[in-house]
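Data first, discussion second: the structure below is written as structure tokens.
The values are calculated or read from the model by the stated rules, or taken from the named source; none is laboratory data. Bear in mind the structure is a predicted one, so any value in this text is a computation, not a measurement. Positions of Cβ are backbone-derived with ideal geometry, glycine not excepted, and every protein chain shown enters the neighbour counts. The accessibility values were calculated without ligands, DNA or RNA, using every heavy atom of the protein model including side chains. Shrake-Rupley method; radii C 1.70, N 1.55, O 1.52, S 1.80 Å.
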Amino acid sequence: MAGPYALHVENRFLPRTAAFFDLDKTVIAKSSTLTFSKSFYHGGLINRRAVLRTAYTQFVFLAGGADHDQMERMREYLSALCKGWNVQQVKELVAETLHELIDPIIYDEAATLIEEHHTAGRDVVIVSTSGAEVVEPIGELLGADRVVATRMVVGDDGCYTGEVEYYAYGPTKAEAIKALAESEGYDLARCYAYSDSATDVPMLEAVGHPHAVNPDRALRREATLREWPILAFDRPVRLKQRLSSFSLPPRPALMAAAAVSAAALTAGAVWYAARRRAGTASV
């Protein structure tokens, strides 16, 4: 079809396919979770010191990406930070500031790809390490069909306990899309995936058409060795400006963390527990 990435329109008689997108620095120009720090501050969830720390973390993330150890430290910090937060309040704060904070940092190139994959007959799935309460509204804004995201344990009081129920990171992302492929009938050999981080190599390996987007150094090396396409996204654009000239309406997101099978959730928990044990043993 027409467009800069020469995508092929799906034959309706063939198995279904999908395009899997990492979110941070792939579809949007910043960390989705850290972008909402000021909203959480104004909502009384965090103090000024936490705002400054998240701002610094955002800077490090944007300057050079985040390797596994940095991601683990970020996960531990954010898990401890959100302990005791009321989930409904978090959802309301995200909804109130979603368009103000996220709309201006969506990459034009990513929005184009999402539109073209939809037009070609593919589902679009956002697969992100950020929390579901942040990722799901962003997925809906983008018109994604499904979302896979990290989920925190919520207590009987409606507040986060500080524990992680499902960590959408590294190999667990690959397990999640394989589970979706089984439940939705996707032919992974004909599916597409996009990410900026070497930690997503397992997800990229799982599909027939992997793409490195704004890759960190490790992923750039890997993509070059494997001859994966390397894309540069550098034009943030307001989504509503695009929609005004786009003939197809955005499709509602079908929030599919629940659609990730129990097998994928179990695999994620087992991998995360193993990482924790390994980390403890090395101290």
A careful count of residues in region 140-161 that are open to solvent by 20 Å² or more (accessible area, probe 1.4 Å) and part of a strand (DSSP E or B) gives 7
Hey, among the residues in region 182-209 that are within 21 Å of PRO15 (Cα to Cα), of a type outside the set (Phe, Trp, Tyr) and open to solvent by less than 10 Å² (accessible area, probe 1.4 Å), which one's farthest from the chain's Cα centre (by Cα)? CYS191
Single residue of region 145-168 satisfying the filter (small (Gly, Ala, Ser) and more than 15 Å from LYS83 (Cα to Cα)) that is nearest to the chain's Cα centre (by Cα): ALA149
Would you be able to tell me the number of residues in region 179-202 that are in a helix (DSSP H, G or I), touching a residue at least 40 places away in the same chain (Cβ under 8 Å) and out of contact with any Leu (no Cβ under 7 Å at 6 or more places or on another chain)? 8
Inter-residue pairs, beta-carbon under 8 Å, first over 16 Å from ALA176 (Cα atoms) and without any contact (Cβ under 8 Å) to a residue 60 or more places away in the chain and in region 203-215, second part of a loop (DSSP other than H, G, I, E, B) and hydroxyl-bearing (Ser, Thr, Tyr), 6+ apart: PRO215/SER197
I'd like to check something: does region 132-139 contain any residue that is closer than 19 Å to GLY208 by Cβ, in contact with a strand residue (DSSP E or B) (Cβ under 6 Å, 6 or more places away or on another chain) and open to solvent by less than 10 Å² (accessible area, probe 1.4 Å)? no
Inspect region 91-102 for any residue being in contact (Cβ under 8 Å) with a residue 24 or more places away in the chain, surrounded by fewer than 23 Cβ atoms within 10 Å (Cβ to Cβ), out of contact with any helix residue (DSSP H, G or I) (no Cβ under 6 Å at 6 or more places or on another chain) and in a loop (DSSP other than H, G, I, E, B) and give the result as yes or no. no
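So that you can scan it fast, the table gives a plain yes or no per residue for (1) on the phi > 0 side of the Ramachandran plot; (2) at pLDDT below 75; (3) not in a helix (DSSP H, G or I):
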residue	(1), (2), (3)
PHE20	no, no, yes
THR26	no, no, yes
LYS30	no, no, yes
THR33	no, yes, no
TYR41	no, yes, no
LEU45	no, yes, yes
ARG49	no, yes, no
LEU52	no, yes, no
TYR56	no, yes, no
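Only one residue in ALA212, ALA168, ALA111 is part of a loop (DSSP other than H, G, I, E, B) and surrounded by 18 or more Cβ atoms within 10 Å (Cβ to Cβ). Which one?
On inspection, the qualifying residue turns out to be ALA168.
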